[in-house]
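The block underneath contains the structure these notes are about, expressed in structure tokens.
Computed from the coordinates by the stated procedures, all read-outs in this text should not be read as laboratory data. Keep in mind it's a predicted model, so treat the numbers as computed, not measured. Here the Cβ positions follow ideal geometry from the backbone for every residue, glycine too, while neighbour counts run over all protein chains shown.
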Amino acid sequence: MALLIDGKQISAQIKEELKEEVGKMTERGTTVTLAVILVGEDPASCVYVRNKKRACEYIGIRSISCELPAKTTQEELLSVIKGYNEDDSVDGILVQLPLPEHINEDAVIEAIDPKKDVDGFHPQSVGALWIGKPGFVSCTPAGIIQLLKRSGVEIEGRECVVVGRSNIVGKPMAQLLLRENGTVTICHSRTKNLPEVCRRADILVCAIGKPKFFTKDYVKPGAAVIDVGIHRNAENKLCGDVDFADVEPVAGAITPVPGGVGPMTIAMLMENCVEAARRKESLK
């Protein structure tokens with residue numbers, strides 16, 4: 001029977017720790033502030049933004065909400081970001097993705113001050129991760145590291161296979177595992193003998209966006225399996241990239257969908273926001 005890695009429970013622990021720390025910062029006269037920018041009315045984005053606001057409220061982080069119509073121009077959005085960059089009371093800036101098609105996402109991400117880039121998407125943040133300098137780390141991979149550590153899964157010296165090479169999950173995930181002294185292989189759509197490569201993994205991170213793609217044939221007995229995917233199946237139920245029922249009897253540890261990786265993304269966003277405020281405090 002695999003250890004079920006409970007993202008809800010671990011994210012709740014992190015939020016409690018942050019709540020206590022933010023309370024102490026408030027006593028010192030520091031208010032932690034996150035500015036959230038939403039363009040348009042994409043239903044999933046609206047849900048994500050609402051969840052982020054709730055997390056802020058619970059922890060004691062002040063959140064500023066800027067909701068713009070879908071027809072907002074790129075110049076107007078960049079102007080809003082510039083305002084928050086220059087506002088010393090704002091610690092973190094988050095632009096909810098995806099953006100409407102007429103807006104260039106790269107230009108928007110690059111417009112955010114790296115000191116306030118709590119999503120960890122700015123090229124400067126990405127570069128800092130790869131050369132081992134301080135910077136913000138993309139929230140989902142950072143959350144996965146916490147899931148592994150807080151569940152007692154050893155990373156150092158282990159074979160780690162990451163399937164997926166996106167800028168948001170796959171690439172930073174590989175680098176974070178490397179930073180923890182794992183031996184890392186990155187796989188993708190052109191990888192040959194994928195099941196064979198995956199079966200080498202002590203830690204297998206599945207992030208390709210294909211529902212129930214990974215069966216027990218991809219999993220080494222006793223491996224820790226991290227499922228980053230989220231989909232709705234034919235019955236409209238949530239599922240991941242991993243065929244949970246097939247893999248769970250073989251794995252040593254596994255994340256469920258929902259309730260695994262998902263809750264950690266918001267917890268680590270909150271951590272990044274508090275970290276931005278910590279850094280600003282240290283400069284006073």
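Table for the structure above
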item	result
Above-threshold pairs, the threshold being 31 Å between Cα atoms, out of Lys19/Lys237; Lys24/Lys71; Lys8/Lys210	Lys19/Lys237; Lys24/Lys71
Computed lengthening from Ala234 to Lys24, 0.36 nm per intervening residue step minus Cα-Cα distance	70.8 nm
The chain, helix-only ellipticity at 222 nm - DSSP H runs n ≥ 4, -39,500 (n - 2.57), divided by all residues, nearest 500	-13000 deg cm²/dmol
Using alpha-carbon coordinates, inclination of helix 170-179 to the longest axis of the chain, degrees	80
In Hz, Karplus ³J(HN,Hα) per residue of segment 64-70 (6.51, -1.76, 1.60; θ = phi - 60°; x = Gly, Pro)	10, 10, 10, 9, 10, x, 4
Residue-count net charge about Ser63 - beta-carbon cut-off 13 Å; Lys, Arg +1, Asp, Glu -1	+2
Eligible lysines near Lys220 by straight Cα distance, threshold 19 Å, same-chain separation 8 or greater	Lys192, Lys212
Taking Leu269, Leu3, Leu283 and counting other C-beta atoms within 10 Å, the order from fewest to most	Leu283, Leu3, Leu269
Which of Ala70, Leu4, Thr33, positive extreme of dipole for segment 1-131 (C-beta unit charges)	Leu4
Dipole of the chain [Lys/Arg +1, Asp/Glu -1 at C-beta], most positive-end residue of His122, Gly83, Ala253	Ala253
Nearest-20 debye value, the chain charge dipole, Cβ charges on Lys, Arg, Asp, Glu	460
Assigned charges on the beta-carbon of Lys, Arg, Asp, Glu; segment 148-188 dipole about Cα centre (debye)	180
Vicinal HN-Hα couplings computed from phi for segment 8-15 (Karplus, 6.51 cos²θ - 1.76 cosθ + 1.60; Hz; Gly/Pro x)	5, 5, 5, 5, 5, 4, 4, 4
Coil-residue GluC sites (Glu not before Pro) of segment 184-284, DSSP, other Cβ within 10 Å capped at 16	Glu235
Degrees, to the nearest 10: 43-59 long Cα axis against longest axis of the chain	70
Tilt relative to the chain, helix 262-282 - C-alpha long axis, 0 to 90 degrees, to 10	40
Residue exposure sequence - Tyr48, Tyr58, Tyr218, Tyr84 - by fewest surrounding Cβ within 10 Å	Tyr58, Tyr48, Tyr84, Tyr218
